[in-house]
Structures are given as C-alpha cells and as structure tokens.
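Some notes on the structure that comes next.
What follows is calculated from the coordinates using simple rules that are stated; it is not laboratory data. Since the structure is predicted, the reported quantities are computational estimates derived from the model, not experimental observations. Glycine also receives a Cβ, built like all others from the backbone with ideal geometry; neighbour counts cover every protein chain displayed.
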Amino acid sequence: MKLYELVNKRIFAWSVAVAGSTFSPVLYAAIELKSTDQPLLELFALVLGGIGIFLTGIHFAGSHLQKITGGSFKSIISKISEIHIGAFLWGVFLGLFTQSGKATAFILADFVQAGMIKTRRCAPVVFWGNAGSSLIVFASMLSVKIFALIVLGITALGITFHIPKRLVNAYGALFGLAMVMYGLYLVKEGAAGFAGFDWAQQWLDYLGSFPILSFIVGFVLTLLVQSNLAIMMITIALSAAGILTLEEAAMAIFGAQAGTGLLTYIFSFHSKGRPRQVVGYQIAYDAIATVSFVVLFYLETLLGIPLVLALAKSLSSEPGTQAVAFALIYQFGAAAIAMGLRGPVFGHVEKRFKPSAIEVLSETEFLHERAADSPETGLILAEKEQFRMMKRLPLYIDYVREKDARQSKEAPPAYHQAFLDISGKIGDALSLISGHSLNPTDSDHLIKVTKLQEQLITLEDIVYRLTGFLAHHDLDSKAGELGRGIMESVDFIILTAIDAIESQDEDEINTLAMLTQDRTDMMDRFRRNYFNSEQELSREDRNFILDVTILFENAIQTLARYGSVLKNR
C-alpha cells in the first residue's frame, strides 16, 4: 500500500472515530464511522451548555458537601486519606466512578472547600484517580450518559420529596457530581461533532504518520472532545483494528494527557486558594506523566533500550491488548512517579497557587480536630482561640485609620469572614464538649466560655459594621471627625478588655467595668444636642451619626457583659 493511502486511511479513521465516539460498553466493540448532520449552532449549544452544567454541578456539589462535613462522613474521609492504601483505593474508586482524572480533582477541591480533607492529602488521591480512570478501558459496561441520567433522576426525586429527609444533602452532592459527568458528556458529544465536518478531515489530511504528529493529533482532539480518556479508548480501538501502531498510539495518548492538562488549567480559574491547589496537583500530574513518558519513549525508540513499549508488547501479541496494557502501565506508572515527586510538587503548587487571605486567616491556631475529646483541654483551647479573635478586632480599626497602608493590610471583610469560619469551629467544639459527661467544674467552665463566645460574636459584628460605615464616609467632614472619635473610643475600650483578659488582673477588670457603664441617657442627650447645633448637616451625615453612635452604645453594652462574665470567673 502506498504511503499516502496508509496515512489517509489512518487520518480518516481518527476523524470518524471522534465523530462517533462514546464510551463503548465492550472494549473492542465496533466504532460506527459516520459524520454528524447536526448544525453548527446545535453543536455549539451542546458545548456551551455542557460547560455550564459542568461548572454548575461543581458548585452544587460543593454547597451540599459543606452541609455534610460533620459526623462520621468527615471522619471517614479524613481517616481514609491519612493512610497510603486508603488514598490509593479512594483515588482508584473516584477515578473509576467519574471516568475522569480532571473530575476527580474538582470533586476533591470541593472536599477541601468544605473542610473535609487537608489539601496535601488530596495529591495521592488525585494521582491514583487518573490511574483509576484508565481501568474503564475494560471495566466500563454502562454508558456515562445513562449512568449520569439515572443518578440525576434518583437524586432529583430524593431532593424533591425528601425521602428520607436526612439524606437530602447527600442527594444534593450526588446530583451535583452527576451534573459534572453529564456536563462533560455534553461537551464531548457536541465537540466530537465538529470533527465530522470536511474541514476537520481536510486539516487532518496534512498530517503524516510520524509519532510526534500523533502526539499533536491526540492533543488537539482532546481539546475538542474534552476527555483524554475518550481519545485513549479511540486509540485502543484503532490499534485493535491495525490502523495505528503501538508507537503511534502511545504518542497519541501522551498528547491527550497534555491536552487534558491544558483544559484542567483553563477550568481551574473558577477555583480560588487551596481548592485550586488540588486542581494544581492534577495539572502537575499531567505534566509529569507527559514529560517522563515522552522521554522514555524516545530513549526506547531512538536508543533501542527496552522500556515501556517492550513491556506492553511482551504481554501480548495482539495490538489492541498491547495498547490496553500500555495505557494501564502509563497511567499507573505516571501515578507512581508523581507520588515519588510529591514533595517538589507540593512546593511548586503552593507557590504557584497561593491560598487566599481568608483561608490563611481562617486557620485555627489552638483548636484541632481532637480538641473536644478532652473537655478540660478543649475548653482551654477554645478560650485561647476566642482571645486570638478578640485581639484581631483592633486590626479592623487600623485598616480604616491608616489609609496609606491599606494595600499592605487585610480589609475588614476578610477578617469578618475568617471570624465567622473560626467562630463556627469554636461552636462545633463547644457542642461536642457539651455531649460529654461533665463534672461540675467543667460544666461551669463550658457555660462561661459559651457566654463569652456569644458576646464575642456580637462585638465582632458591631466592630465590622462600624468600620464599614467609617470606611465609606468622609472622615475629614464634621460628621466624619465625630465618627473617628467614636472609633478611637471603641478601640481604646477593646484594648482595655484585651489587657484585662490577658492579665486576669482584678484592677484591669474593674477598669473595664468602669469604662463600660451604661451611657444610654448620655448618648441620647448628645445626639439631640449635636443635631440641634449642626443644622447644616446633610441627611447622609445625620444618618451616619445616628448609626455610629448606636453602634457605640451596643459595643459598650456588649463589652460590659463580657467584663461581667470575666469578673464572675
């Protein structure tokens, strides 16, 4: 057969296989070679809609996963990820379940966002997830579309009718994960249709049969189809038909892996902070897998050193089986190499995808997962965490006060969100401690810490709202000057409270009590006199003065209750 006829035969098979590709229920099932009659607009709609469903599914799954972070589920997730065999098995399961290393990474990113698992523990799961997804070449007996639609239907009924009610959040999480899979299917279905047009086939006709061009074909088609696994299965089918040699199939698989790395990087922009680090592990895996095995490929083909290709050929004389063996060796071997390089991967990913300010501020310094196991220790650690949050409140005011240094400081909204996160963790710890059989001393301690927590939550909200008003008002105006004075007064009293908590000195506590005496009548007279004397105040300034003075009263009352709890310790 002439060279150009052989090339055209291979190119034609590539093009038509992509156009008709779905995950075959049987490994060597025939691929129907036909071009699509769908209009371009419909194909574009499938791609765009699939991306929308994919991203919505990620958010939907994440929001419901955050609601089931407590109890035994969180404990199981955490324990599994702590041991190597657990990470291996969980990764293989997720990869096989989602049929996508990329989807596995995004699911784990949701787990990190929900606080179920530490970021670094995700890396082995991500690596082995890619290996697990490759098992689908001979284990897939059910179409992704059918499976996703079944899960969508069952979970939608569960969400709608609450059967049973306690599983509603689990239904929501599974519904989101099914949306991820179905969204990827729609993207592949729509994008694959583009490859059936004449212009796509004409473009492929320019390619030759050199291995590097097979790499390019695998890379480009993965960008179109959105799945390196789909390209891998097409490659295996074409190898079984004798159209592709093992060398060409190998390079196409490498190109597909590189293509999915680029796609993962593009999709990662919707993630921020530590969840994006998890996606970064997938990108690192794609890079490690591609580079390391391309190097091995050329060492074997150019220098004649028997390596991966020789191993695959030694396992069978049948081309399709060789391609299957190579795909499995490639994915599991790449995962093993990535595991060996996970130290440098951690450093590079954490440097490239830094955690957000809120994530850093939301880290607890004293509380930990096992703190509530000992009521006495847990209460002490909770108090330390409360005091650390109290000492942050003056930083809200510093941000407003120091205009020139604002770019180097975190804004109050970041501190506020971090406070809410840590406050939730303190509340969870106190709830777990209350479930213990407590002695009278620990019971009294729990009641006091709970009261302090309630007052701290109120005080933080007041300071956050106060600094919000001041940050958006002209502090050089008359009303602004008054607001600045009130802010400084609140700052002084908070610093006094901090000194009293830190020293536990009776004189300091008495000073706090004196500073926080009830001033309701005085503030009413002050507002009345101020408004009467400053007739030229605008409505905006009057509202501003009313808001900040009321917040000042509330801050005084809250700090008075805080001091009262301290005094009765």
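A few notes on this one:
- Length gained on full extension, Thr56 to His84: 6.9 nm, using 0.36 nm per residue less the C-alpha separation.
- Packing-based exposure ordering (other Cβ within 10 Å, fewest first) of Glu365, Glu350, Glu300: Glu365, Glu350, Glu300
- Calculated FRET value between Leu432 and Arg388, using beta carbons and R₀ = 22 Å, to 0.05: 0.65
- Ratio of the Cα radius of gyration of the stretch 359-567 to 2.2 N^0.38 Å, where N counts its residues: 1.12
- Estimated distance in nm for a label pair at Asn543 and Ile146, the labels positioned 7 Å out from Cα along Cα-to-Cβ: 6.1
- Theoretical gain in end-to-end length, Glu376 to Phe526 [0.36 nm per residue, Cα-Cα removed]: 49.3 nm
- Kirkwood radius and radius of gyration were both taken over the C-alpha atoms of the stretch 243-353, and their ratio Rg/Rh is 1.04.
- Full extension of the segment from Tyr298 to Gln38, taken as 0.36 nm per residue of separation minus the current Cα-Cα distance, would add 89.5 nm.
- Cross-link partners for Lys425 among the aspartates and glutamates, with Cα-Cα distance under 19 Å and sequence neighbours closer than 8 places in the same chain left out: Asp110, Glu359, Glu363, Glu365, Glu369, Asp373, Glu376, Glu383, Glu385, Glu454, Glu460, Asp461.
- Distant-in-sequence amide H partners of Leu244 (H built 1.01 Å from N, under 5 Å): Ser239
- For Leu495 and Lys351, a Förster radius of 45 Å and the Cβ-Cβ distance give a FRET efficiency of 0.75, rounded to the nearest 0.05.
- Proximal charge balance of Glu300 [Cβ under 13 Å; K/R count +1, D/E count -1]: 0
- Using a Förster distance of 56 Å, the FRET efficiency for Met514-Phe93 (Cβ separation, nearest 0.05): 0.35
- Relative exposure of Arg539, Arg527, Arg465, judged by other C-beta atoms within 10 Å (fewest first): Arg539, Arg527, Arg465
- Cβ-defined net charge surrounding Leu438, 14 Å radius [Lys, Arg +1; Asp, Glu -1]: -3
- A simple spin-label model places the labels of Ala45 and Lys448 6.8 nm from each other, with each point 7 Å out along Cα-to-Cβ.
- A dipole drawn for the stretch 359-567 from +1 and -1 charges on Cβ atoms has a positive end, and of Leu482, Ser434, Gln504 the residue lying farthest that way is Leu482.
- Residues Val92, Val151, arranged from fewest to most other Cβ atoms within 10 angstrom of their Cβ, appear as Val151, Val92.
- Computed over neighbours whose Cβ is under 14 Å from that of Arg525, the net charge equals -1, Lys and Arg +1, Asp and Glu -1.
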